[in-house]
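The values are calculated or read from the model by the stated rules, or taken from the named source; none is laboratory data. Predicted model, so just to flag it, every value in this text is computed and none were measured. Cβ placement follows ideal geometry from the backbone for every residue including glycine, while neighbour counts extend to all protein chains displayed.
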């Protein structure tokens with residue numbers, strides 16, 4: 001009888017310890033400190049910020065909590081963010097491949113200028129290229145790639161009439177990535193690097209004739225106050241990534257890793273869906289067709305013709321892909337051809 005009592009007491013003690021452990025886990029959650037993208041844009045306002053600051057704690061019953069601020073609030077430059085992630089200053093970071101292409105041209109391969117013209121194809125491209133980027137992010141930044149998602153499509157916003165792709169010849173065009181510069185030079189223009197916040201005065205003063213940015217970015221930043229024509233060829237997608245410091249990822253353990261990945265996959269799906277809608281909303285607002293999110297603009301939207309798209313195909317092959325293959329090397333180009341190339345029917349080949 002005494003033995004039974006002792007065993008019962010031991011079982012009770014084990015149960016108490018177990019309950020204490022669960023309580024301690026809830027009281028001492030894993031905190032993930034992150035850097036988001038631009039605080040004024042939808043991806044941060046509706047997705048990145050709410051996910052980390054609110055939703056992940058609710059979804060994991062407090063096992064994981066987040067603390068994220070946009071890079072615009074933190075005053076960080078794009079290239080600085082991934083270096084800080086590598087050092088473990090931040091646990092999770094969002095960014096664009098253009099920020100890190102100087103470290104390794106492989107990062108450009110998921111969003112080479114003008115090669116995809118619709119978002120469904122761009123998602124297939126991102127998914128096909130994900131394993132290649134995952135390896136590069138791990139090797140270069142000691143980080144685990146967990147998300148690839150787009151901003152609204154990148155187009156050309158010009159002061160003065162643009163009626164076709166030939167009219168871009170001789171124009172000074174603001175770019176923010178090497179592959180966009182390749183496109184501009186391929187059409188006979190001059191690529192100019194201008195910070196986003198300085199594009200409007202650059203257009204006003206004639207420093208640039210056109211600028212490249214996303215549809216919603218152009219609307220929210222009111223580029224239409226100076227630019228009057230939009231050439232709606234998609235020259236990029238602003239493909240972005242989300243990655244976690246590898247040491248932090250490993251510290252989570254299998255259970256928390258699985259829970260976090262499940263929720264991040266849902267977030268990524270929502271971001272792709274949102275971007276597909278935002279393109280149309282922004283273009284309606286910029287053209288003055290209708291606008292439920294603010295004032296109507298009055299830009300002239302110019303749709304590329306079939307002839308324009310044929311010229312684009314030639315530029316993509318002879319300039320954009322050829323230059324990137326040269327920068328990235330034979331193995332890099334071979335991996336791209338076997339993944340993205342099979343989807344869009346193009347090859348990255350050095351000329």
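Points worth noting:
- Check on residue 188, touching a strand residue (DSSP E or B) at 6+ places or on another chain (Cβ under 6 Å) and at pLDDT 95 or above: no
- Restricting the search to strands (runs of 3 or more DSSP E) fully inside the range 111-202 and requiring at least 1 residues that are surrounded by fewer than 22 Cβ atoms within 10 Å (Cβ to Cβ) gives 143-149, 172-175, 190-193.
- Which listed residue, of 233, 216, is over 30 Å from residue 31 (Cα atoms) and assigned to a helix (DSSP H, G or I): 216
- Restricting the first member to the range 182-197 and to residues that are at positive phi, and the second to residues that are surrounded by fewer than 19 Cβ atoms within 10 Å (Cβ to Cβ) and assigned to a loop (DSSP other than H, G, I, E, B), the beta-carbon pairs closer than 6 Å and six or more apart or on different chains are 188/169.
- Tally, over the range 279-298, of residues that are outside any loop (DSSP other than H, G, I, E, B) and in contact with a helix residue (DSSP H, G or I) (Cβ under 9 Å, 6 or more places away or on another chain): 7
- Any chance residue 244 is within 22 Å of the chain's Cα centre (by Cα) and under 17 Å from residue 130 (Cβ atoms): yes
- Once the range 53-73 is narrowed to residues that are in contact (Cβ under 8 Å) with a residue 24 or more places away in the chain and in a helix (DSSP H, G or I), the residue that is surrounded by the fewest Cβ atoms within 10 Å (Cβ to Cβ) is 73.
- Against the conditions (1) in contact with a strand residue (DSSP E or B) (Cβ under 6 Å, 6 or more places away or on another chain); (2) over 25 Å from residue 71 (Cα atoms); (3) in a helix (DSSP H, G or I), residue 301 satisfies every one except (3).
- For residue 337, the conditions (1) within 30 Å of residue 54 (Cα to Cα); (2) surrounded by 13 or more Cβ atoms within 10 Å (Cβ to Cβ) are fulfilled apart from (1).
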